[in-house]
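Below is one structure, written out as structure tokens; the observations come after it.
Nothing in this text is a laboratory measurement; each read-out follows from the coordinates by a stated rule. Only a predicted model underlies this, so the values are computations on that prediction, with no experimental measurement involved. Because the Cβ atoms are built from the backbone with ideal geometry, glycine has one as well, and the counts that use them run over all protein chains shown.
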Amino acid sequence: MRLTQTCDYALRTLMYSATFSHRLVTIQEVADQYQISKNHVMKVVYELGKHGYLESVRGRGGGFRLARPMEDINVGDVVRTMEPFELVECFGEGRCVIAPACDLRSVLNEAMLAFLHVLDRYTIADLVANRTNELAMLLGIQNPTD
């Protein structure tokens with residue numbers, strides 16, 4: 001199973017925001033730190049905001065932050081929100097000619113549910129717990145509490 005780039009960026013943006021939860025984070029900052037497109041980050045932040053994971057503060061000195069405690073942001077929920085989960089054509093609008101006699105859809109659906117079940121056991125806090133300083137160091141940030 002492979003997550004889309006959008007979902008990957010969403011999880012990393014939430015982790016970054018959680019790592020620096022004491023202050024606002026900017027789109028440019030996330031783009032620079034992860035070396036990814038500012039436009040992608042902008043779209044991800046918009047979607048995360050729309051779904052209640054981030055809140056934005058406009059204006060000079062603005063940015064975004066987690067909209068709720070990191071302990072309340074479930075990784076499985078974020079992935080469900082950001083992923084289309086059409087593993088094969090018959091999961092979506094498409095119609096496969098062998099669908100009536102094929103068990104592939106049910107097997108893949110079972111695998112997808114198992115994948116999500118594991119993600120449901122974790123929150124964003126679990127992903128950054130006791131790692132704030134290490135994550136900051138890897139991102140080249142000297143003091144994560146500033």
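Kirkwood hydrodynamic radius, computed over distinct alpha-carbon pairs, for the stretch 2-67: how many Å, to one decimal?
Details: mean 1/r = 0.0861 Å⁻¹.
Evaluated over the stretch 2-67, this radius sits at 11.6 Å.
Descending by average beta-carbon neighbour count within 10 Å, the peptides 43-49, 3-9 line up as 43-49, 3-9, the highest first.
A crude spin-label estimate for the pair Asn74 and Leu138, with each label 7 Å from Cα along the Cβ direction, gives 2.6 nm.
With 0.36 nm allotted per residue and the present C-alpha distance subtracted, the Val118-Thr6 stretch has 38.3 nm of extension available. All other residues whose Cβ lies under 12 angstrom from that of Val45 are scored, Lys and Arg at +1 and Asp and Glu at -1, for a net of +2.
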